[in-house]
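Visitor: Handing you this structure, nothing more for now.
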């Protein structure tokens, strides 16, 4: 495999670091790329050389980076240009080895319509579409994935509007507004098959992954094997996946995705991902293989040494995607600086991450911070280990979905394996729990500086009222904690005793005004003062930005009369749009923003003032 090195990793974050780890383990050197927004990122330090680029989506920039660093191959990771046939061709045309499938296979499988036809021709079951699809149906982008450009339609009179919306989103996300219409299965499972193919005609599958726990068509928790797939069904689904791989002339690692009935007795082709998947670690753990190593060996022209009859899952693995988002705030993106970063330990726990203490989490890229994976001899043990790992994984400074995910995997139906792609959406209100009150008390003690200050300590806390510490008692509003004690333990952690119970917290201070506290997956940021506001912020009832991002559109001006529900501003962040609407009828005041302006979380935007009679 020496002819592959140095390997340019055309990606960022945890996947770039993960690819580099395997390459280095094989004795191969790597080249990383970073944008200005990623200056000082962990993945840059994970590679042997680094080249600055303007964008991870700029093919010319990536090829220039490969050229100046003397790279001999390119690994695209996942996302960005990993499924871009034009980039694969450009890499090959530049005389470099493309560590991925042939451009023709990427092109074929990247077109959902053509991929479906190829699957049907290969004898793979497909979902009815077109005139044969009765309501409900799903409209989805031909060129897309990850839930972008997708709408579920339950009645004929909704189809036109849903199609137009899907096309707009698809054009924005993929530069292609083509969509297809298929029958929508109620409460299906999402089950995918991992495949490997070499350039010598050998193809094997590595069983299935269950990916049914999703929100907005984005996977949240994945596992291998599926709790409902029998060895016989695994063989049937695997054979179907292998047939498709052979039919499209595939090489390398890929995933054939299916939707299935609740008991998985029937399954239908959904799409094929012509790259490594985010959830690939669960397959690696139960099959004892390194999929990146297999990719590199195939790219180097080696034959697969795996025999299908000898491949079977051993044990169980579950992965949780750790996102920078606020479940209690509608899952809006969270930003900030990682103040404390401490990985969980314990048997069977693996963490793939692209952050560390000091990392800046912004809105320029995907909000996934890490993949937390747990392995065990059985499913129950794997879930228990994952729950503990999420509780131990301390990230202070940025709100995450850790506590939310812990509640999700603790549900009786999830523990019983009774999940489907709509389960999470149906039970959302039961999962987004508020942070425990003791986090607020711990933040107050950290701000006070000691458990027993010489005199009473008090300060106004934004959103919480007045806080006070005196004689070992903490009060915030009408809340009270007795027997309070506080002691730093080093490395950003402290022991806090409240009402006779001592717990360990990750705590970070930002100057004298902001305290970040983390415990058991819960995160809280407390501002210990009320800032003086001007402009829109000085007006009663001013509307604030619910997430950091960019102003996409401003539909009103100061002095305009608006009605309740009118869309005033459209905010965009991480490819998600949010409309700021008028809470009541009135007149717009305090607006000083234009399209293209950047706004921070809770920044005052404007106010709608009730018109005088």
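Visitor: Only residues that are surrounded by fewer than 21 Cβ atoms within 10 Å (Cβ to Cβ) and modelled with pLDDT of 95 or more: list them for the range 104-116, please.
Guide: Hits for the range 104-116 are 104, 107.
Visitor: Something else about it: Quick check on my filter: what residues within the range 44-74 are touching a strand residue (DSSP E or B) at 6+ places or on another chain (Cβ under 6 Å) and crowded, with 22+ Cβ neighbours inside 10 Å?
Guide: Matches in the range 44-74: 47, 65, 66, 71, 73, 74.
Visitor: Here's something else I'd like to know. Pick from the range 226-258 the residues that are over 17 Å from residue 124 (Cβ atoms) and in contact (Cβ under 8 Å) with a residue 24 or more places away in the chain: which of them is farthest from the chain's Cα centre (by Cα)? Working first, answer last.
Guide: Going through the range 226-258, the residues over 17 Å from residue 124 (Cβ atoms) turn out to be 226-228, 230-232, 251-253.
Next cut, in contact (Cβ under 8 Å) with a residue 24 or more places away in the chain only: 226-228, 231, 251-253.
Details: 226: 21, 227: 23, 228: 25, 231: 31, 251: 27, 252: 24, 253: 21 Å.
Ranking the candidates gives 231 first.
Visitor: Kindly establish whether residue 141 is crowded, with 20+ Cβ neighbours inside 10 Å, over 23 Å from the mean Cα position of the chain (by Cα) and on the phi < 0 side of the Ramachandran plot. Talk me through it step by step, then tell me what you get.
Guide: Values: crowded, with 20+ Cβ neighbours inside 10 Å: yes; over 23 Å from the mean Cα position of the chain (by Cα): no; on the phi < 0 side of the Ramachandran plot: yes.
For residue 141, the condition - crowded, with 20+ Cβ neighbours inside 10 Å, over 23 Å from the mean Cα position of the chain (by Cα) and on the phi < 0 side of the Ramachandran plot - is not met.
Visitor: For residue 266, are the conditions met, namely being modelled with pLDDT of 95 or more and surrounded by fewer than 21 Cβ atoms within 10 Å (Cβ to Cβ)? Give the steps one after another, and end with the answer.
Guide: Details: modelled with pLDDT of 95 or more: no; surrounded by fewer than 21 Cβ atoms within 10 Å (Cβ to Cβ): yes.
So residue 266 does not fit the description; no.
Visitor: Okay, moving on. What single numbered condition from (1) under 15 Å from residue 365 (Cα atoms); (2) touching a helix residue (DSSP H, G or I) at 6+ places or on another chain (Cβ under 8 Å) fails to hold for residue 47?
Guide: Of the numbered conditions (1) under 15 Å from residue 365 (Cα atoms); (2) touching a helix residue (DSSP H, G or I) at 6+ places or on another chain (Cβ under 8 Å), the odd one out for residue 47 is (1).
Visitor: Of all residues in the range 498-522, which are in a loop (DSSP other than H, G, I, E, B) and either on the phi < 0 side of the Ramachandran plot or assigned by TED's automatic domain parsing to the domain that holds residue 390 (or both)?
Guide: First, the residues of the range 498-522 that are in a loop (DSSP other than H, G, I, E, B): 499-500, 511-513, 520-521.
Once the filter is applied, which keeps residues that are in a loop (DSSP other than H, G, I, E, B) and either on the phi < 0 side of the Ramachandran plot or assigned by TED's automatic domain parsing to the domain that holds residue 390 (or both), the range 498-522 yields 512, 513.
Visitor: Would you point out which residue out of 77, 27, 70 is within 25 Å of residue 273 (Cα to Cα), at pLDDT 95 or above and outside the structural domain of residue 361 (by TED's automatic domain parsing)? I'd like the intermediate steps shown before the answer.
Guide: Numbers: 27 fails: within 25 Å of residue 273 (Cα to Cα); 70 fails: within 25 Å of residue 273 (Cα to Cα).
Result of the check over 77, 27, 70: 77.
Visitor: Same structure again: Among 54, 100, 79, 110, which is the only one that is under 26 Å from the mean Cα position of the chain (by Cα), within 30 Å of residue 338 (Cα to Cα) and touching a residue at least 24 places away in the same chain (Cβ under 8 Å)?
Guide: Values: 54 fails: touching a residue at least 24 places away in the same chain (Cβ under 8 Å); 100 fails: within 30 Å of residue 338 (Cα to Cα); 110 fails: within 30 Å of residue 338 (Cα to Cα).
On inspection, the qualifying residue turns out to be 79.
Visitor: Continuing with the same structure: Considering only residues that are buried (at least 17 other Cβ atoms within 10 Å of the Cβ) and outside any loop (DSSP other than H, G, I, E, B), look in the range 556-569 and name the one that is nearest to the chain's Cα centre (by Cα).
Guide: Across the range 556-569, the extreme among qualifying residues is 569.
Visitor: Which one of these is closer than 24 Å to residue 431 by Cα and either crowded, with 20+ Cβ neighbours inside 10 Å or modelled with pLDDT of 95 or more (or both): 206, 213? Working first, answer last.
Guide: Numbers: 206 fails: closer than 24 Å to residue 431 by Cα.
Of the residues listed, the single one that is closer than 24 Å to residue 431 by Cα and either crowded, with 20+ Cβ neighbours inside 10 Å or modelled with pLDDT of 95 or more (or both) is 213.
Visitor: For residues in the range 226-243 being in a helix (DSSP H, G or I) and touching a strand residue (DSSP E or B) at 6+ places or on another chain (Cβ under 6 Å), which is surrounded by the most Cβ atoms within 10 Å (Cβ to Cβ)? So that I can check it myself, show each step before the final result.
Guide: So in the range 226-243, the residues in a helix (DSSP H, G or I) come out as 231-243.
Keeping just the survivors that are touching a strand residue (DSSP E or B) at 6+ places or on another chain (Cβ under 6 Å) gives 234, 237-238, 241-242.
Numbers: 234: 20, 237: 25, 238: 21, 241: 27, 242: 21.
Per the stated criteria, the residue is 241.
Visitor: Among (1) over 27 Å from residue 505 (Cα atoms); (2) in a helix (DSSP H, G or I), which single condition is residue 388 missing?
Guide: With respect to (1) over 27 Å from residue 505 (Cα atoms); (2) in a helix (DSSP H, G or I), residue 388 is out only on (1).
Visitor: When you check residue 223 against the structure, is it within 21 Å of residue 322 (Cα to Cα), in the same structural domain as residue 309 (by TED's automatic domain parsing) and in a strand (DSSP E or B), yes or no? Please lay out each step first, then the result.
Guide: On the way: within 21 Å of residue 322 (Cα to Cα): yes; in the same structural domain as residue 309 (by TED's automatic domain parsing): yes; in a strand (DSSP E or B): yes.
It is true that residue 223 is within 21 Å of residue 322 (Cα to Cα), in the same structural domain as residue 309 (by TED's automatic domain parsing) and in a strand (DSSP E or B).
Visitor: Then there's this: Mind counting the residues in the range 563-593 that are in contact with a strand residue (DSSP E or B) (Cβ under 6 Å, 6 or more places away or on another chain), over 28 Å from residue 399 (Cα atoms) and touching a residue at least 40 places away in the same chain (Cβ under 8 Å)?
Guide: The total comes to 3.
Visitor: Now for a different question. Quick one: residue 400 ticks every box in (1) more than 17 Å from the chain's Cα centre (by Cα); (2) under 27 Å from residue 338 (Cβ atoms); (3) assigned to a loop (DSSP other than H, G, I, E, B) bar one, so which box is it?
Guide: Unmet condition: (1).
Visitor: Turning to a different aspect of this structure: If you go through the range 418-432, how many residues are surrounded by 14 or more Cβ atoms within 10 Å (Cβ to Cβ) and either in a loop (DSSP other than H, G, I, E, B) or more than 19 Å from the chain's Cα centre (by Cα) (or both)? Even if it seems obvious, please write down each step before you answer.
Guide: We begin by selecting, within the range 418-432, every residue surrounded by 14 or more Cβ atoms within 10 Å (Cβ to Cβ); these are 418-424, 427-428, 431-432.
After this cut, where a residue has to be either in a loop (DSSP other than H, G, I, E, B) or more than 19 Å from the chain's Cα centre (by Cα) (or both) as well, the list is 418-422, 427, 432.
Qualifying residue count, the range 418-432: 7.
The values are calculated or read from the model by the stated rules, or taken from the named source; none is laboratory data. None of these values were measured; they are calculated from a predicted model. With ideal geometry, Cβ positions are generated from the backbone for all residues, glycine too; neighbour counts draw on all protein chains shown.
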